[in-house]
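Data block below; observations after.
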Amino acid sequence: MPSESVYGDENPRATHRTSANVGRTMLGEDIELTLKIVVAGGFGAGKSTLIGSVSEIRPLHSEETLSESEARRGPERSDTGGVGRKTTTTVAMDFGRITVHSGLSLHLFGTPGQERFQFLWEELSEGALAAVVLADTRRLEDCFAAVDHFERRGIPFVVAVNRFPGAPDHTEHDVAQALDLDVGAPVVLCDVRDRASGKEVLIRTVEYAGRMHTARLLAAGG
């Protein structure tokens, strides 16, 4: 039974086929489609929390304890949703997996948020169908690097505004203007601690990527 993956079947991260995630081709063959989604954004925006809340497997986290000076620069609300300062940070990547529906699963790769680890973004973005850029409206400027990165690589992305308590209540239009996004680039309001909210972000991301890739194919064929 054939299997498809955006980063190749030989990759050890490829999802094993089960009755829950096998689809059917027009010829009646079983097929599994695995898509790679990158989750990026500024320090403390909620990347690890999003992946942890939606992943159907135990998520992989690579974290180290922040120094006292780094912790002081973090947001007042920690990445795990509690009150207090953030005490850890991703240093390589986060990884999780979610089955969206029968035959379609997403592998989620979270990038480190601190500038000193941005050299890893290129490798983590390799073979990605699309990306989610998490935004905190208290620190929208922290999104600029991620937005620029995916625009340069031509990777479709959705901006997901993580609604922290007490953060400015900006509309999707306000955020799109502040980040100078292309017309039609989606902005979604969400709570990354909530699985249903996080899953909706991922569905919107896959749908948008599908439209963008289809448009590019049509333009190339025309």
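General remarks:
- Residue in segment 172-179 that is more than 25 Å from residue 56 (Cα to Cα), buried (at least 18 other Cβ atoms within 10 Å of the Cβ) and not small (Gly, Ala, Ser) present: yes
- Between 108, 104, the distinction of being open to solvent by 10 Å² or more (accessible area, probe 1.4 Å), closer than 23 Å to residue 195 by Cα and at pLDDT 90 or above belongs to 104 only.
- Residue count for segment 28-55, restricted to those that are in a loop (DSSP other than H, G, I, E, B), open to solvent by 10 Å² or more (accessible area, probe 1.4 Å) and at pLDDT below 90: 3.
- Test: residue in segment 127-148 that is surrounded by fewer than 18 Cβ atoms within 10 Å (Cβ to Cβ), part of a loop (DSSP other than H, G, I, E, B) and on the phi < 0 side of the Ramachandran plot: no
The values are calculated or read from the model by the stated rules, or taken from the named source; none is laboratory data. None of the values given here were measured: they were computed from a predicted structure. All Cβ positions, glycine included, derive from the backbone under ideal geometry; neighbour counts span all protein chains shown. Quick note on the areas: whole protein, heavy atoms, side chains included, nothing else; ligands and nucleic acids left out. Shrake-Rupley method; radii C 1.70, N 1.55, O 1.52, S 1.80 Å.
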